[in-house]
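Written below as structure tokens is the structure these notes are about.
Laboratory data are not the source of any read-out in this text; all were calculated from the coordinates shown. From a predicted model like this one, the values you see are computed outputs, not experimental measurements. We place every Cβ from the backbone using ideal geometry, glycine too, and count neighbours over all the protein chains shown.
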Amino acid sequence: MTSSPCVEIVEVGPRDGLQNEPEIVSLDNRLALIERSIAAGARRLEVASFVNPKRVPQMAGAEDLIARLPRRAGVTYIGLVLNKRGAERALETDIDELGAVALTSDTFAGKNQGQSSEESVNIACEIVERANSAGRSASITISAAFGCPFEGEVAPDKVVAIAERAAAAGPREIALADTIGVGDPWRVKDLITKVRKALPQMPLRAHFHNTRNTGLANAYAAVEAGVRTLDSSLGGIGGCPFAPAATGNIPTEDLVYMLQRGDVSTGLSLDALIDSSKWLAGMMGKETPAMVSKAGRFPAPNKNEHKSTAA
Ligand code: ZN
């Protein structure tokens, strides 16, 4: 059994990325970003958040966006849902998957969602049950799984206990999210190993922010620990509401470069990602944090090869 693993990349730039950027991007450009990600090979994308548009103007127009999404064979879309009202809104659209969120600390849950940690887990479970009974798919992300901006360190046992409760609701997958980018590869390996031991059948996804430049190391540790789905954003757009000058999600093109070098297949085209990342930087009117789109891939493509992949 020496075959190389496949890793599924969930493109979260259209939601987590754009939500944490100060600029408000037009619906047309949000759709263009989605189109470009699909053209580069993305097959699962987080595109919307069913939150109050007054609170999060970057994500306004979720229903309009979803009505205009390109429908392609094998491409599915995730909409973030934080409460029952959000679930109702989501189920009135054609969104394929509801992404529910459970938080590890009471302070964070209170500030982010107006809930306690316990309530956030219960609501996430209800959202999954409602989605499943409506014939939709649903996942639960455990936010601040590696540290809380208010309460500091989060005990792995607490995350495992939340994951066990979340699993009982029947999500397609549980995600461990380093929402504020404080994780390191050793803790990532430790937590994933503990959750996999507790829930050996449950598919796990990992979500990293590059706030402290440990994002790709964490992604490597997650893959080594058995995770087969990772979130990333084209260009590494986004940020962290708790560290205003911070960078965003791990950049899709940097992640794909790293995985390709390890013979891990992702189904994504690095050249197409680099082209789209340059388009994105132009559209946003600023440099993005991603590095491979500036340095280029290695080995450099020869001209004929480049032509055929761009066609
Ligand atoms: Zn995030």
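Of the residues L270, T141, V121, the one whose Cα sits farthest towards the positive end of the charge dipole of the chain is L270 (charges of +1 on Lys and Arg Cβ, -1 on Asp and Glu Cβ, taken about the Cα centre).
A helix-only calculation puts the chain at -12000 deg cm²/dmol for mean residue ellipticity at 222 nm, using -39500 (n - 2.57) for each DSSP H run of at least four residues, averaged over all residues. Near the amide H of R44, within less than 5 Å, lie the amide hydrogens of E11, T76, all on another chain or at least 5 residues away, with H placed in the peptide plane.
Pull out a ≥ b ≥ c, the square roots of the eigenvalues of the alpha-carbon gyration tensor of the stretch 8-295, then state rounded if a/c is under 1.5, prolate if not and a/b is larger than b/c, and oblate in the remaining case. Taking the square roots of the gyration eigenvalues as a ≥ b ≥ c, the stretch 8-295 is rounded.
The chymotrypsin sites (Phe, Trp or Tyr not before Pro) of the stretch 171-248 include none that meets both criteria, a DSSP state outside H, G, I, E and B (loop) and at most 12 other C-beta atoms within 10 angstrom of the site's C-beta.
Legend: residue pairs K111/K278; K111/K189; K194/K286; K84/K194; K54/K286, Cα-Cα distance threshold 32 Å; pairs beyond threshold, K111/K278; K194/K286. Most simply put, the stretch 145-277 has about 20% antiparallel DSSP beta bridges, counting only bridges with both residues inside it. For E173, the residues 5 or more places off, or on other chains, whose built amide H falls under 5 Å of its own are I140. For the stretch 158-237 and the stretch 92-127, what is the separation of their C-alpha centers, rounded to whole Å? What the calculation gives is 17 Å, centre to centre. Take every pair of alpha-carbon atoms less than 8 Å apart whose residues are at least six positions apart; their mean separation over the length of the stretch 8-295 yields a relative contact order of 18 percent. Most simply put, the stretch 8-295 has about 5% antiparallel DSSP beta bridges, counting only bridges with both residues inside it. Summarising the amide proton neighbourhood of T104: residues at separation of 5 or more, or on other chains, whose placed amide H is nearer than 5 Å comprise S143. All other residues whose Cβ lies under 15 angstrom from that of Q19 are scored, Lys and Arg at +1 and Asp and Glu at -1, for a net of -2. The string of couplings for the stretch 218-226 from the Karplus curve (6.51, -1.76, 1.60, θ = phi - 60°) is 5, 4, 4, 4, 5, 5, 4, 7, x Hz, one whole number per residue in order, with x for Gly and Pro.
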